[in-house]
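Novice: One structure, as structure tokens, below. Some questions next.
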Amino acid sequence: MGQAMVRHLIQARLPRDGAGHRTKSITAARALGAEAAKTPAEVGKACKFVIIAVGYDDEATAVMLGQGRPARNDGRGSVIGVSSTCTPEHVKMLAEKARAKGVEVLDAPICRGQMAADTGTMLILCGGKPEVFERGKPIYSTFGKDYVLLGDIGAGQFGKAMNNFLLWVNGIALIEAGASPKPTAWTWSSSARRC
């Protein structure tokens with residue numbers, strides 16, 4: 001999904017620097033026209049708005065708080081969009097740490113998967129300050145069709161969890177419907193119809 005996001009940012013002519021933990025990802029981003037940085041800190045120095053789109057809590061923490069983190073030295077005016085899948089509590093903790101350095105966080109997990117990434121129709125469910133949400137809108141809108149503010153930090157992650165839960169429930173319902181035996185005949189009783 002990261003490659004598709006980079007492609008959309010390039011098509012929109014927005015600045016795009018990238019740092020990845022996989023050499024293959026960095027090579028692919030360069031092939032699309034992105035500039036590559038060696039560390040997240042280099043990205044943070046070059047950009048006032050950074051999107052972290054890695055796996056889960058641990059990876060987001062490693063990028064944001066580990067050695068070479070993207071928070072700027074002065075921090076003022078910078079935003080980090082956490083587009084990883086984290087628990088609401090975890091993204092709140094990341095936001096507190098960033099705020100101590102003068103950096104705002106936009107809780108902005110992404111939904112709809114690879115096909116939506118390719119077509120630029122992803123769903124971004126956000127939590128954060130309205131003014132930070134507005135700063136992210138032109139950036140996230142390059143690869144997302146629906147960009148929604150649900151509330152404070154943590155609300156985006158909660159929204160994504162609910163989205164995933166509903167997808168899971170629908171998937172299970174479809175499996176159950178497909179596995180149900182087909183009625184072979186109908187008979188009528190005085191009180192109800194039975195198979």
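Novice: How big is the gap, in Å, between the Cα center of region 79-117 and the Cα center of region 137-164?
Specialist: 10
Novice: Working out 0.36 nm times the residue gap between residue 162 and residue 31, then minus their Cα-Cα distance, what length gain in nm do you get to one decimal?
Specialist: 43.6 nm
Novice: Where the convex hull is taken over the Cα atoms of region 39-153, what is its projected area averaged over directions, in nm²?
Specialist: Seen from a random direction, the Cα hull of region 39-153 projects 6.4 nm² on average.
Novice: Pull up the cross-link candidates among the aspartates and glutamates for residue 92, meaning alpha carbon to alpha carbon under 12 Å and not fewer than 8 places away within one chain.
Specialist: Partners found: 57, 104, 107, 152.
Novice: Any idea of the accessible area per residue across region 41-163, 1.4 Å probe, to the nearest Å²?
Specialist: In whole numbers, region 41-163 has 45 Å² accessible per residue.
Novice: Right, here's the next one. So how do 59, 131 rank on accessible area, 1.4 Å probe, biggest first, that is with the largest at the start? Display every interim value, and only then the final one.
Specialist: On the way: 59 80, 131 115 Å².
Listed by decreasing accessible area, they come as 131, 59.
Novice: With a 1.4 Å probe and every protein chain kept in, tell me what percent of the accessible surface of region 46-180 is carbon plus sulfur.
Specialist: On the way: 3980 of 6790 Å².
C and S fraction of accessible area: 59 percent.
Novice: Once both labels are modelled 7 Å past Cα along the beta-carbon direction, what's the residue 58-residue 12 spacing in nm?
Specialist: 3.2
Novice: Something else about it: Using per-residue counts of other Cβ atoms within 10 Å, averaged over each peptide, order 115-123, 79-87, 44-52 from highest down. Don't skip to the answer; put the middle values down first.
Specialist: Working: 115-123: 16.7, 79-87: 24.6, 44-52: 19.8.
Order by mean packing, descending: 79-87, 44-52, 115-123.
Novice: For residue 105, what residues show an amide H to amide H distance below 5 Å, using hydrogens built from the backbone and excluding near sequence neighbours?
Specialist: So residue 105 has HN proximity to 80.
The values are calculated or read from the model by the stated rules, or taken from the named source; none is laboratory data. No experiment lies behind these values; they were computed from the predicted model shown. Here the Cβ is made from the backbone with ideal geometry for all residues, glycine too, and neighbour counts use every protein chain on show. We work out accessible area using only protein heavy atoms, side chains counted, and drop any ligands, DNA or RNA first. Shrake-Rupley method; radii C 1.70, N 1.55, O 1.52, S 1.80 Å.
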